[in-house]
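To start, the structure under review is shown below, and the notes come after it.
The values are calculated or read from the model by the stated rules, or taken from the named source; none is laboratory data. Predicted, not measured: the structure shown is a model, and the values here were computed from it. Glycine also receives a Cβ, built like all others from the backbone with ideal geometry; neighbour counts cover every protein chain displayed. Note: accessible area is taken over every heavy atom of the protein model, side chains too, but ligands, DNA and RNA are not part of it. Shrake-Rupley method; radii C 1.70, N 1.55, O 1.52, S 1.80 Å.
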Amino acid sequence: SEQPARLRIPSLGVDAHVQDVGIAKSGRMAVPSNYTDVGWYRYGPAPGSVGSAVLDGHIDNGFGLGGVFRRLGELRPGDEILLETAGGEELRFVVEEASVYEVADVPVDRIFNRNDAARLNLITCEGVWDGESRSYSERLVVYAVLR
């Protein structure tokens, strides 16, 4: 399947360009280069393939202005997430659940390695900003599955 080009979340008014991202110097998944795009983890499966496709996005720009995933926590089971591939195909995913984790407790295996279905997992930051680690204290993960 093809790489993703656009992500739309109708209930949140999200319509975003998708960048390819890899791994940051920290060893974690890299984030998009701006606050309006989402990043697709290019070393994982493409959305629509069996496995866990992972997209991340910023919650804000560091100056209080909202990022693309600022309202991600409002998603509820049954909400729809639409993903358009580079070839123009639209894939429809449905939210199964959303969970918030402390940074140290993020279930990396569950997010990146489940391969029982065609999954789409969205990640953003939550909690409080820590100036020392230059990171938020929590991560919000929305788990969705192809319908």
Among strands (runs of 3 or more DSSP E) completely within the stretch 84-147, the ones holding 3 or more residues that are among the β-branched types (Val, Ile, Thr) and modelled with pLDDT of 95 or more are 90-102, 135-146
Can you name every residue in the stretch 1-25 that is hydrophobic (A, V, I, L, M, F, W, C) and closer than 21 Å to GLY73 by Cβ? LEU7, ILE9, LEU12, VAL14, ALA16, VAL18
Can you say whether ILE81 is among the aliphatic types (A, V, I, L, M) and in contact with a Cys (Cβ under 8 Å, 6 or more places away or on another chain), as far as the supplied structure shows? no
Test: residue in the stretch 97-115 that is in contact with a helix residue (DSSP H, G or I) (Cβ under 8 Å, 6 or more places away or on another chain) and open to solvent by less than 30 Å² (accessible area, probe 1.4 Å): no
Scan of the stretch 1-25 for residues that are in contact with a strand residue (DSSP E or B) (Cβ under 8 Å, 6 or more places away or on another chain), open to solvent by 20 Å² or more (accessible area, probe 1.4 Å) and free of Cβ contacts under 8 Å to residues at least 40 places away in the same chain, ordered by number: ASP15, HIS17, GLN19, ASP20, ILE23
For ASP56, work out the one condition from (1) open to solvent by less than 30 Å² (accessible area, probe 1.4 Å); (2) of a type in the set (D, E, K, R); (3) more than 11 Å from the chain's Cα centre (by Cα) it doesn't fulfil. (3)
Could you grab me the full set of residues in the stretch 60-78 that are open to solvent by less than 40 Å² (accessible area, probe 1.4 Å) and either of a type in the set (D, E, K, R) or under 14 Å from the mean Cα position of the chain (by Cα) (or both)? ASP60, GLY67, VAL68, PHE69, LEU72, GLY73, LEU75
Scan the stretch 26-33 and give yes if some residue there is outside any loop (DSSP other than H, G, I, E, B), without any contact (Cβ under 8 Å) to a residue 40 or more places away in the chain, β-branched (Val, Ile, Thr) and within 27 Å of TRP129 (Cα to Cα), otherwise no. no
Is it the case, given these coordinates, that TYR143 is among the hydroxyl-bearing types (Ser, Thr, Tyr) and within 15 Å of the chain's Cα centre (by Cα)? yes
